[in-house]
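**Student:** Attaching a single structure in structure tokens format; questions to follow.
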Amino acid sequence: MDTRQLHAHPFMQVSTPWKSDWSSLLDIVLPALDMVSTRGTARQGLELMSNAANTRRFVTVLTDTQAKLRDAGIPIIVQERCEAQALKSASDLTLSQRRWLGQLVLELYFAQLFHSNVSIIDLWPSRLGIDASGDAIWHPRPSYLRWDADFLNALRDLYAGFFLRQDERFQQGLEHLHLGSTTDLVLRHLGGGDQRSVRFGPDLLRATLRDISVLRGSDARDLHRNFLAFGLYVASLHELLGSLGLKFNVRSAFMRAHRSS
């Protein structure tokens, strides 16, 4: 991809807490940026920047997130900053640790979407992992937002409709997200079969977003501004799970998170 196109995009002109570290993620979600209006792009970027600057609010978000994870039975310790020893790299984890961490991250991903209207979108591998004591630790940067209610409800319909095999609800979610013409691509991305052995990686997500952008065409209705933050959330998920080098049981993670919501 031409990096000049990436840096020229209006979203890149907004200073964000993850701009330098997440440049690879922005490269992945560039097709999503091009499906959102310039006004929506600027508004979303400014919202993320404003949230990052409010340290008091972020502490509250972290506290609320920890409480919701505890209620959902997801044993991830949320910290404002990295404490004690650094997280182990994926290459230093045992096979069982990598599988355990991957399933926890998927449960976290769904739990934030179904248990709250606020999500921390930083799942970057250097920020979420296992420490020397064997605990799952998350010390995210202040990259979070409150989802627009209509967008979040449509996203919940999409996921719940897919995993609970409620076709009408799934299609309704797609239509409300203005993705009705991309049903086959979204189904492919969510995983074939019973979704119990799904591989992740940034290249897979990049290809899906590119195909969706091409299929929708230049005349399609602009996507909701929240797609930018959601794209970064999904991209960091793919980056982390891809680094673990395994296939994961997405259906099980969704069912656990949805059952406790």
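The numbers here are math on the coordinates, done by the rules we state, and not lab data. Since the model is a prediction, treat every value here as computed from it, not as a measurement. Backbone-built Cβ (ideal geometry, glycine too); neighbour counts: all protein chains shown.
**Student:** Taking other Cβ within 10 Å of each residue's Cβ, how do 138, 100 sort, fewest first? Write down the numbers at each step before the final one.
**Tutor:** On the way: 138 22, 100 17.
Fewest-to-most ranking of 138, 100: 100, 138.
**Student:** At 222 nm, what value in deg cm²/dmol follows for the chain if DSSP H runs of at least 4 each add -39500 (n - 2.57) and the sum is divided by all its residues, to the nearest 500?
**Tutor:** Taken over the chain, the calculation gives -17500 deg cm²/dmol.
**Student:** What's the exposure ranking of 187, 228, going from fewest to most Cβ atoms within 10 Å?
**Tutor:** Details: 187 13, 228 26.
Result, fewest neighbours first: 187, 228.
**Student:** Under the rule of at least 5 residues apart or a separate chain, name every residue whose amide H is placed under 5 Å from the amide H of residue 117.
**Tutor:** The list, which skips near neighbours in sequence, is empty: none.
**Student:** Please identify the DSSP H helices in the chain that span no less than 18 Å along the helix axis (Cα) and have a mean Kyte-Doolittle hydropathy of -1.0 or more.
**Tutor:** 38-53, 55-72, 95-115, 149-163, 202-216, 226-244
**Student:** Report which label in [x] 13.1; [y] 16.2; [z] 19.2 holds the value of mean projected area of the Cα convex hull in nm² derived from the coordinates of this structure.
**Tutor:** Correct label, based on the coordinates given: [x].
**Student:** Then there is this: Is the C-alpha gyration tensor of the range 206-246 telling us rounded, prolate or oblate? Criteria: a/c under 1.5 is rounded; beyond that, a/b larger than b/c is prolate, otherwise oblate.
**Tutor:** Values: a/c = 5.83, a/b = 1.87, b/c = 3.12.
It is oblate, given that a/c is not under 1.5 and a/b is not larger than b/c.
**Student:** Right, another one. Given an 8 Å cut-off on Cα distances and at least 6 residues of separation, report the relative contact order of the chain as a percent.
**Tutor:** Numbers: 371 pairs, mean separation 72.5, N = 261.
Dividing the mean separation by the residue count of the chain yields 28 percent.
**Student:** Please check the chain for the longest run free of GluC sites (Glu not before Pro) that are loop-located per DSSP (anything but H, G, I, E, B) and have at most 14 other Cβ atoms within 10 Å.
**Tutor:** Working: sites that count: 80, 83.
Answer - 84-261.
**Student:** What nm distance separates the two modelled labels at residue 197 and residue 71, each placed 7 Å from Cα along Cα→Cβ?
**Tutor:** 3.7
**Student:** What residues qualify as long-range amide H neighbours of residue 247, i.e. H under 5 Å apart, gap of 5 or more or another chain, H built at 1.01 Å from N?
**Tutor:** The list, which skips near neighbours in sequence, is empty: none.
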